[in-house]
Amino acid sequence: MTLTGTCRCAAITYSLSSDAPIAVYACHCTNCQTWSGSSFALHSLLPEGALTLSGPLTEYAYEENGQHARHYLCGTCHTRIYNTTSAAPGLWVLRAATLDNSPQLTPMAHIWTRHKQAWLNLPQDIPNWPQSPTPQAFMQALAALR
Ligand SMILES: [Zn+2]
Ligand SMILES: [Zn+2]
């Protein structure tokens, strides 16, 4: 299955081939709330290099709590497409709502729920963590859902 995505202005387009359905999770941390201007962010962990991108990507890098993060965004409209972080080596973190089929995505897990907005009621039958799970614990939980 090939999935496609775009930024807000469509200067960036990308495609992604995946054998399994894409696993999307919601991050409720305060950084994601601030950065998205919304209640939570929808992410998907992909193997490094999983996206074939075209268009004017620009980069924003920072260091926080000893972790190095690099975010890749459209050079025109500044929509973030994905990021890397030294906390999860070998993975790309896709901003899943840039996928063309994003209305059909359902989060398979919720993280940082201790910061979730109070009005939001989460389903009880899917994995959630009050903070961030280790990448290993998280990948195990997602693999168990498949
Ligand atoms: Zn754009
Ligand atoms: Zn977050």
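Derivation of every value follows stated rules applied to the coordinates shown; laboratory data play no part. These numbers come from a predicted model, not from an experiment. All Cβ positions, glycine included, derive from the backbone under ideal geometry; neighbour counts span all protein chains shown.
The table for this structure:
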quantity	calculated
With Cα atoms, 0 to 90° folded angle of helix 135-145 axis to the chain main axis	80
Global geometry of the stretch 2-145, whether rounded, prolate or oblate, following the gyration tensor of its Cα atoms and the 1.5 cut on a/c	rounded
For Ala87, distant residues with modelled amide H under 5 Å away	His68
Amide H contacts of Ile12 (H built 1.01 Å from N, under 5 Å, at least 5 apart or other chain)	Cys7
Residue of Leu16, Leu94, Leu120 that the Gaussian network model of the chain assigns the largest fluctuation, springs spanning Cα pairs under 10 Å	Leu120
Loop chymotrypsin sites (Phe, Trp or Tyr not before Pro), the stretch 43-146 (other Cβ atoms within 10 Å of the site Cβ: 14 or fewer; DSSP)	Trp119
For the stretch 66-83, Karplus couplings with θ = phi - 60° (6.51, -1.76, 1.60), whole Hz, Gly/Pro x	x, 9, 9, 10, 10, 10, 10, 9, 5, x, 9, 9, 6, 5, 6, 9, 7, 9
Most fluctuating residue given options Ala96, Ala20, Ala109, as computed from a GNM of the chain linking Cα atoms under 10 Å	Ala20
The stretch 1-52: C-alpha gyration tensor shape, a/c 1.5 cut-off, then a/b vs b/c	oblate
GNM result for the chain, Cα springs below 10 Å: residue of Pro103, Pro89, Pro127 fluctuating most strongly	Pro103
Additional length obtainable on full extension of the chain from Leu145 to Asp19, 0.36 nm per residue less Cα span	43.9 nm
Loop-located GluC sites (Glu not before Pro) in the stretch 44-141 whose Cβ has at most 15 other Cβ within 10 Å (DSSP)	Glu48
